[in-house]
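A.B. asks: Have a look at this one before I ask anything.
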Amino acid sequence: MDTAHTLATPASPNGATLKKPRNLLAACLVHALHDGYTDGLYAFLPIWQSHFGLSYAGLALVRALYYGTMGALQIPADRVLHGTAPRTALTLATLIAVAGFAIMVLPLGFVGLCVGLFGAGIGSSIQHPRGSILVTDTYGPASRRPLGVYNFAGDLGKASLPALAALLLPVLSWRPVIGAMALLGIVVTGALVALAPSVSSREKVDPASWRVGQARSGFAVLTLIGGLDTATRMGYLLFLPFLVHSRGGGSANVGLALALLFIGGAFGKATCNRLSEHFGILASVVATETATAFLIIATLFTPLRPTLCILPVLGIVLNGTSSILYGTVPDVAPKGDTSRGFAIFYTAVIGAGGAAPVLYGIIADHSSQGFAIVAAALTAMAIVPLMVVLRPSLRAVIQGNRS
């Protein structure tokens, strides 16, 4: 049976067509929830610092309990649940995360908070590879655009759940707000039971996989590119508030700047895959990364208002490239190993997101803020020659699809 139709083929072709959006919706719901959980925790950090008397280093370690667990367990979680039905895997991921949030609600002190964050991180480590493979198996060779939609759904969660938490925290104490987030997870779990397929994915290695060796080397390059792309984004985000302040902007301007960048980023994630369909992966990534570097440098020399005008456009290319890269994982991952490919790719991206702010911070400490921002722009430009290295693998994919 063709892998692309393992999850989406009921009795009739029309039924298969109807199943596809349901599968995509299931993956998008869980992605939005878990990415919302990830970024929503930022709203609680100042409260936890005050409540538990934490230093900034202690607060960073608390944050790492969730973020580090989520990143480190991507590959093991995928290996354990490989071949499990999407309904089972995604429901398990969400229920484990909900259990973690429920533990945080209990009056167990600092230990309860740490255990809850660790548990929630375990749950969120499952959803990325399993949600991605659900979309890939459902749409097969046409999965590039749906993967972009899946990627975009994560941004919707990142925008909505932190905003919801920020609205509720002035009215309620932090534990009821955490409880509300857990209840939201239960609602999403109910939706998953109704939407997600109960048939397991069974990837099969193609006996005539002449491109596997090429794909493995190409996948390694793609993973490196994904890490550098994330490092660029996280590095610039680290310094953007300080850049706005240096232009005479206040806290309101910082909030506006971040909102403009994120709005552009969400639009970029939703649209850049279409760019790659028209102009090709190589040309599109080279164009977006070159534009990213140019616009980052431009914000170093523009006053506040022109900088704010640049940020939505910068957001499009700064975040939009990631959708192209995610959509390319099924193309260059060795056949029969797409799920593990997603797990490895997400591990690299999450790891780069955690390490980049530290590295760019060290650069700023030993030089200047401006030099660190230039370093972030140069990181984006470093992707251009790597795309040339990736080109033979992309060409092999095109030839394989035509044959």
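The values are calculated or read from the model by the stated rules, or taken from the named source; none is laboratory data. Keep in mind the model is a prediction, meaning the values are calculated, not measured. Note: ideal-geometry Cβ built from the backbone for every residue, glycine included; neighbour counts use all protein chains shown. Only protein heavy atoms, including side chains, enter the accessible area calculation; ligands, DNA and RNA are left aside. Shrake-Rupley method; radii C 1.70, N 1.55, O 1.52, S 1.80 Å.
A.B. asks: Just name one of 187, 76, 278: the one whose Cα is farthest towards the positive end of the charge dipole of the chain (beta-carbon charges, Lys/Arg +1, Asp/Glu -1).
C.D. replies: 278
A.B. asks: In addition: Report, in order of residue number, the helices in the chain meeting two criteria: a C-alpha extent of 15 Å or more along the helix axis, and a mean Kyte-Doolittle hydropathy of at least 1.0; treat each whole DSSP H run as one helix. Can you show the working numbers first?
C.D. replies: Details: long enough: 13-40 (40 Å, -0.25); 56-72 (22 Å, 0.85); 86-105 (28 Å, 1.69); 109-139 (46 Å, 0.75); 144-168 (37 Å, 0.50); 174-195 (32 Å, 1.87); 212-246 (50 Å, 0.90); 251-279 (40 Å, 0.74); 281-298 (25 Å, 1.94); 304-332 (42 Å, 1.14); 338-366 (41 Å, 0.93); 369-402 (49 Å, 1.16).
TM-like helix candidates: 86-105, 174-195, 281-298, 304-332, 369-402.
A.B. asks: Please work out the C-alpha center-to-center distance from the stretch 250-296 to the stretch 32-58 and express it in whole Å.
C.D. replies: 27 Å
A.B. asks: Could you please state how large a percent of the accessible area of the chain is carbon and sulfur, counting protein chains only and using a 1.4 Å probe?
C.D. replies: Values: 12010 of 16900 Å².
For the chain, the apolar C and S fraction of the accessible surface comes to 71 percent.
A.B. asks: A follow-up question, please. When ranked by the protection proxy of mean other Cβ atoms within 10 Å per residue, highest first, what sequence do the peptides 280-289, 80-89 form? It would help to have the intermediate numbers written out before the result.
C.D. replies: On the way: 280-289: 20.5, 80-89: 18.4.
Descending mean neighbour count gives 280-289, 80-89.
A.B. asks: If you don't mind, there's one more thing I want to ask. Would you mind getting me the FRET efficiency between residue 282 and residue 111? Use the beta-carbon distance for r and R0 = 56 Å, nearest 0.05.
C.D. replies: Values: r = 51 Å, r/R0 = 0.90.
Working from the Cβ atoms, E equals 0.65.
A.B. asks: Could you report the accessible area of residue 111 in Å², rounded to 10, computed with a 1.4 Å probe on the protein chains as they sit in the structure?
C.D. replies: Approximately 100 Å² of residue 111 is accessible to the 1.4 Å probe.
A.B. asks: Taking the structure as given and computing semi-axes √(5λ) of the Cα gyration tensor in Å, which label from (i) 33, 29, 18; (ii) 33, 23, 21; (iii) 37, 22, 20 fits?
C.D. replies: So the structure-derived entry is (i).
A.B. asks: Let me confirm the definition first: pairs of Lys residues in the chain, 8 or more apart or on different chains, C-alpha distance under 21 Å. How many are there? Display every interim value, and only then the final one.
C.D. replies: Working: 20/204; 20/269; 158/269; 204/335.
Here the count comes out as 4.
A.B. asks: According to a simple spin-label model (label point 7 Å from Cα along Cα-to-Cβ), what is the distance in nm between residue 256 and residue 271?
C.D. replies: 2.2 nm
A.B. asks: Can I ask one more? Can you show me the helix-derived [θ] at 222 nm for the chain, built from DSSP H runs with n ≥ 4 at -39,500 (n - 2.57) apiece and divided by the number of residues, rounded to the nearest 500. Before the final figure, lay out each step's value.
C.D. replies: On the way: 14 runs with 333 residues, N = 403.
Using -39500 (n - 2.57) per qualifying helix, the result is -29000 deg cm²/dmol.
A.B. asks: With charges set only on the Cβ (+1 for Lys and Arg, -1 for Asp and Glu), what does the dipole of the chain come to about its Cα centre, in debye to the nearest 20? Walk me through the numbers before you get to the answer.
C.D. replies: On the way: 25 positive and 14 negative charges, 116 e Å.
Charge dipole, the chain, about its Cα centre: 560 debye, nearest 20.
A.B. asks: Solvent-accessible area per residue for the stretch 313-373 at a 1.4 Å probe radius, Å²?
C.D. replies: Details: 1930 Å² over 61 residues.
So the stretch 313-373 comes to 32 Å² accessible per residue, rounded to a whole number.
A.B. asks: For every other residue with a beta carbon closer than 13 angstrom to the beta carbon of residue 164, add +1 if it is Lys or Arg and -1 if Asp or Glu, then tell me the sum. Don't skip to the answer; put the middle values down first.
C.D. replies: Working: positive: 158; negative: 39.
The answer is 0.
A.B. asks: Taking the dipole about the Cα centre of the chain, with the C-beta of Lys and Arg at +1 and of Asp and Glu at -1, give me whichever of 252, 225, 90 is farthest to the positive side.
C.D. replies: 90
A.B. asks: Let me ask something else. With a 1.4 Å probe and all protein chains kept in place, how do 29, 318, 308 rank by accessible area, largest first?
C.D. replies: Details: 29 60, 318 5, 308 25 Å².
Final ranking, largest accessible area leading: 29, 308, 318.
A.B. asks: Once ligands and nucleic acids are excluded and a 1.4 Å probe is used, how much of residue 103 is accessible, expressed in Å² to the nearest 10?
C.D. replies: 50 Å²
A.B. asks: Further, regarding this structure: Mind computing the radius of gyration and Dmax over the alpha-carbon atoms of the stretch 244-403? Å is fine for both.
C.D. replies: 17.5, 59
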